[in-house]
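See below for the structure under consideration.
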Amino acid sequence: MGVAYKTTLDSGDNIWLAATYQSHNEWSAVTYTCDDSDDTSMRLAGRYIHQWGNGQSTQVSAMWENLEYDWENCANMPSDIPTTSSDLDVERDAFMFSGKQTFGNGFDVRFSYMIADELEVNSSDLNDSDAQAYNLGVFYTMPAGTELRLTYSKVDNEDASNYDFGIGGSGAAVDEDPEMFALGIVQWF
């Protein structure tokens, strides 16, 4: 469930705020075999767009996310998980900051910076399980609804983390720092 608030100020600037909560019961995206697996997530997000005129604008956004997993009586857990129990309580906070500068001529520049804090497993931090990610791109939108993109992305994993780009799950190995240049075309109909 979620709630959002959006308003346009007298200046033409735009503010958007949102809060969401999500819960799954007896659902798991992990490879362990568990008798029960529940999870919850909470997010707070906000965006501010300043209108400069002539189609130019500056957008800044921020988001905080908290994920909590509760797995009971699990088997096949890896040896690096710091627990002597078959029950796992895992929590992680993440933050994202992003921006977009629109130049009014079809071009814009976008960036984002994300931080995933260390995992907290059964009330203890899992050392070096945090990561950072960076994205930077130049975009050109044609009047017909075709967008051309050139982007650079990098994930900086610590010694015990294996985050990837989240696009079909590239399967980054632990401590691997995947990076990618991408050239793309998107067509809206």
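The values are calculated or read from the model by the stated rules, or taken from the named source; none is laboratory data. Keep in mind that what you see is a predicted model, and the values were worked out from it rather than measured. Note that we place each Cβ from the backbone using ideal geometry, even for glycine, and neighbour counts take in every protein chain shown. These accessible areas exclude ligands, DNA and RNA; they are computed on the full protein's heavy atoms, side chains included. Shrake-Rupley method; radii C 1.70, N 1.55, O 1.52, S 1.80 Å.
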Between residue 160 and residue 18, take the C-beta separation as r, use R0 = 30 Å, and let me know the FRET efficiency to the nearest 0.05.
0.40
What full-extension length gain, to one decimal in nm, is calculated for residue 44 and residue 179 as 0.36 nm per residue of separation minus the Cα-Cα distance?
45.8 nm
Which order do the peptides 89-96, 46-53 take when ranked by the mean count of other beta-carbon atoms within 10 Å per residue, highest first?
89-96, 46-53
Percent carbon-and-sulfur accessible area, the chain, ignoring ligands, DNA and RNA, probe 1.4 Å
55 percent
Using Cα pairs under 8 angstrom and six or more residues apart, how large is the relative contact order of the chain, in percent?
13 percent
Taking a probe of 1.4 Å and leaving out DNA, RNA and ligands, the chain shows per residue an accessible area in Å² of 62 Å²
Of [x] 27, 19, 17; [y] 43, 19, 14; [z] 37, 20, 15, which one was derived for semi-axes √(5λ) of the Cα gyration tensor in Å from the structure shown?
[z]
Given a Förster distance of 41 Å, the FRET efficiency implied by the Cβ-Cβ spacing of residue 1 and residue 150, rounded to the nearest 0.05, works out to 0.65
